[in-house]
């Protein structure tokens, strides 16, 4: 497999890289390059995983925001329904009064018809 990339890379350790220096010095000379490649591959894979997880996290957060907005909307609807249900007894009272008026009219009509010997129920 032919590749068009630079075959050699070099870097210098800094004063902050004591742990890296100690790790590399603990390896045999012929295994250092292999270890560095392995560690870099591992780091690159880790970075890709982190980036994917960050994207997934952002999507989850966006979905949670949508759910929160929907819940807020639902709470407002429930609040309005609760306020409406406390007002419902007045509406129920109006219906009851209307039903009583209708019964009174029906009873009056039946009484009128029965005074002439007619049965108003049939």
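General observations
- Segment residue 102-residue 46, extension gain: residue separation times 0.36 nm, minus the distance between their alpha carbons: 12.3 nm
- Once the Cα-Cα distance is subtracted from the 0.36 nm per residue extended length, the residue 3 to residue 60 segment shows a gain of 16.6 nm.
- Cα-based equivalent ellipsoid, region 18-115: semi-axes from gyration tensor eigenvalues, Å: 85, 12, 8
Bear in mind these aren't lab numbers, they're just calculated from the coordinates by the rules spelled out. Treat the numbers as computed from the prediction; the structure is a model and nothing was measured.
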